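Everything below concerns the one structure shown next.
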Amino acid sequence: MPRTDEPPQVSTLIRVAVACALVGLLCALLFLWSGFTPWSLTFGVMLGFPFLLVAVILYVIAVARDLQQHGLF
């Protein structure tokens, strides 16, 4: 994989965002796969959606930092 000249902060933020998104999607999948049972509501809605929200926020922060470093924001 070719290296880019992105700063380490942006790369770390994107990696953490991807990890949060995967955890959130797995929790939501567990909720949907189990057939909307009460025990899966905790994993799917109470854990999955906040993880997805954190992932989106981290990604937006990473993009804003990258644009700011290139002088476009």
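Annotation note: trypsin sites (Lys or Arg not before Pro) in the chain located in DSSP loop regions with a Cβ neighbour count of at most 16 within 10 Å are R3.
Each residue of the range 57-73 was assigned a 3J(HN,Hα) from its phi angle through the Karplus curve 6.51 cos²θ - 1.76 cosθ + 1.60 (θ = phi - 60°); the sequence is 5, 5, 5, 5, 5, 5, 5, 5, 5, 5, 5, 5, 5, 8, x, 9, 9 Hz, with glycine and proline shown as x.
Loop-resident chymotrypsin sites (Phe, Trp or Tyr not before Pro) (DSSP state other than H, G, I, E or B) in the range 4-71 with no more than 12 further Cβ atoms inside 10 Å of their Cβ: F36.
Using only helices, what value at 222 nm comes out for the chain when you add -39,500 (n - 2.57) per DSSP H run of length 4 or more and divide by the total residues, to the nearest 500 deg cm²/dmol?
Numbers: 3 runs with 51 residues, N = 73.
After summing the helix terms and dividing by the residues of the chain, the value is -23500 deg cm²/dmol.
Counting only alpha carbon atoms, the long axis of helix 8-33 and the longest principal axis of the chain meet at about 20°.
Here, each number is a calculation from the coordinates, and none is a lab measurement. Values in this document were obtained by computation on a predicted structure and should not be read as measured data. Quick reminder, even Gly has a Cβ in these numbers, built from the backbone with ideal geometry, and neighbours come from all protein chains shown.
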